[in-house]
Structures are given as C-alpha cells and as structure tokens.
Amino acid sequence: MKKAVIALSLCCITLFSFLMYQQFSPSAVPAAEPISADEQTEAEPLYLVREQNGVLAIYPYGSNTAAEITDIRLSSLREYDQKLMQHGFPLYTEQELTSFLEDFGS
C-alpha cells in the first residue's frame, strides 16, 4: 500500500512539474510577441532529487553536494521512478520540495 502511495505521489509531482514547465516555457508565449534574449532563458529548478548510496538526496540545482539526504530507499520505488531519480528529478519551488518531503519522508 505504501509503495502505491509513493508511486502515485511521484506521478503527481512529475505531472505538476511538467505542467509548470509547460506554463512557463518560452514556447508557451504567443508567437506574435517578440522575445528578448534575456527572456529566452528557461526557469531552472531549485533542486534535484537523485539517488545517493541507495537513498534519495536533495541537491541544490547545479551543486554536487547534497543539501539533505532522506531515508527514502531507491529500491522501494517502482522501476520507472527509480530511473527518474537516478537521472535527477527537478523541483522548481520550495513548495514542491516541501510536498516531496512530506509525501515521501517518514
């Protein structure tokens, strides 16, 4: 049951991140409006969640030093979610980070 809740929560976070990315991506701006070079930069995530020594760790985006190491075992996730976490799962806001930790932390 816990695995199902974790998997469903990861799916929700993934969908939310995708929708937020689509909403703020440069392609979402109407073509009639010219876009300056400064506006063309995409929003970078604040954090990346990825695997470290078999558990999930929270990294500030662009850093190789974990800000927080969780007790969430990678092996407890579905195979698809494990692959996401091995590549790095982006979190774009503090609220996403808080939700992630509340959903998966113990």
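The values are calculated or read from the model by the stated rules, or taken from the named source; none is laboratory data. Everything numeric in this text was worked out from a predicted model, so none of it was measured. No Cβ is skipped: glycine too gets one built from the backbone with ideal geometry, and neighbour counts run over all protein chains shown. Accessible surface areas use protein heavy atoms only, side chains included; no ligands, DNA or RNA. Shrake-Rupley method; radii C 1.70, N 1.55, O 1.52, S 1.80 Å.
The residues in the range 70-81 that are under 15 Å from the mean Cα position of the chain (by Cα) and loosely packed, with under 15 Cβ neighbours inside 10 Å can be counted, and the count is 1.
Total residues in the range 82-105 satisfying the condition of being open to solvent by less than 20 Å² (accessible area, probe 1.4 Å), modelled with pLDDT of 90 or more and over 10 Å from LEU48 (Cα atoms): the figure is 1. Pairing residues of the range 41-64 that are under 11 Å from GLY88 (Cβ atoms) with residues that are of a type in the set (S, T, N, Q) and assigned to a loop (DSSP other than H, G, I, E, B), at Cβ distances under 8 Å and at least 6 apart in sequence or on separate chains, gives TYR59/THR65.
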